1. When you count, for each residue, the other Cβ atoms within 10 Å and take the mean per peptide, how do 109-117, 163-171, 29-37 rank with the highest first?
2. Could you tell me what percent of the DSSP beta bridges with both partners in the chain are antiparallel, to the nearest 5?
3. Rounded, prolate or oblate: pick one for segment 56-136, where a ≥ b ≥ c are the square roots of the eigenvalues of its C-alpha gyration tensor, a/c under 1.5 means rounded, and failing that, prolate if a/b is larger than b/c, else oblate.
4. Holding the Cα-Cα limit at 32 Å, pick out from Lys25/Lys232; Lys82/Lys218; Lys56/Lys100; Lys177/Lys214; Lys62/Lys165 the pairs that are longer than that.
5. Straight distance only, please: which aspartates and glutamates reach the Cα of Lys206 with their own Cα at less than 12 Å, same-chain residues fewer than 8 apart left out?
6. With θ set to phi - 60°, apply the Karplus curve 6.51 cos²θ - 1.76 cosθ + 1.60 along segment 173-181 and write out the HN-Hα couplings as whole Hz, x wherever there is a Gly or Pro.
7. Divide by every residue of the chain the summed helix terms, -39500 (n - 2.57) for each DSSP H run of at least 4, and state the resulting mean residue ellipticity at 222 nm, rounded to the nearest 500 deg cm²/dmol.
8. Modelling each spin label as a point 7 Å along the Cα-to-Cβ direction, I'd like the Asp246/Leu226 distance in nm, to one decimal.
Amino acid sequence: MMRYYRGYITTVGQNSPEYLNKYMKDIIDKILQTDTIKTIGDIGCGTGFHANLLKKQFSDIKFIGVDFSKAVVDTHQNGGNKIFDEIYLASSAKLPIDDKYFDIAISMENLEHLFYEEILDALYELKRTGKYIIITTPTPKNVVHVPFLTREIYEATCDPIPLNKHDYLCLEACIHKSTISPTSLIEAGFTGVRQDEYGDYAYYAKSEDIDLDKIRIKGIKKSSLLDDSDYKEKYLDLLHKSFDLDTEFLF
């Protein structure tokens, strides 16, 4: 029998914490004070948990989901609860979306899951496709999730079922692999909204005001992982690298 976490992630997907909804709603309300919003693109949408909450709060807005996981996209396309008006299978770093297709492009707890080489491309795609951008991502001190990684390293090590490519890709996408300097996001033109209970921030900006050259990142390079001939060993290597991720920003 497949262990619970692996089974859930490889068939359903992942969603962000519910407390983030308050900050997303407040920011959207603030944007609506000065502009009309008709479309929101949820990049790295996962289960669509937050899009579903926002759709209930902003019923006149069209929601478009994008996720790289075929399991996630299949769930949205075949499930009874149609959260998204459109759903796309794509990487956050290369969106099959026209320029400024979204009035708001949102990235909720997604950027930290990308490899170092993908972060700037994903930010560029948010800027290219959205008139406004809203980002939530953990501050560096919260990126290394010690309790989860400790448990997952143990469970993945003991997993008797061979790890195939599909399951590896789904699991890999859930691991924190990068962190962005909060100071650099502010310097790049974002406004930070503190999430007091957890010490993290949500960030938002009009895309034309953002200077991505100011963004500073640390993270795991995709090229640094073990050869993919054994997906279990490759996944364990990634888990250990995430555990040891350097999240100290000296600037």
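Derivation of every value follows stated rules applied to the coordinates shown; laboratory data play no part. What you see is a predicted model, and the numbers here were worked out from it, not measured in a lab. In this analysis, Cβ positions are derived from the backbone assuming ideal geometry, glycine residues included, and neighbour counts consider all displayed protein chains.
1. Packing proxy ranking, top to bottom: 109-117, 163-171, 29-37.
2. Among the beta bridges of the chain, antiparallel pairing accounts for roughly 45 percent.
3. Taking the square roots of the gyration eigenvalues as a ≥ b ≥ c, segment 56-136 is oblate.
4. Details: Lys25/Lys232 40 Å; Lys82/Lys218 37 Å; Lys56/Lys100 24 Å; Lys177/Lys214 20 Å; Lys62/Lys165 34 Å.
Table pairs above 32 Å Cα-Cα are Lys25/Lys232; Lys82/Lys218; Lys62/Lys165.
5. Once the sequence-local aspartates and glutamates are set aside, what remains near Lys206 is Asp35, Asp103.
6. Ordered by residue, 3J(HN,Hα) equals 5, 8, 8, 6, 10, 8, 9, 10, 4 Hz.
7. For the chain, the value works out to -11000 deg cm²/dmol.
8. 2.3 nm
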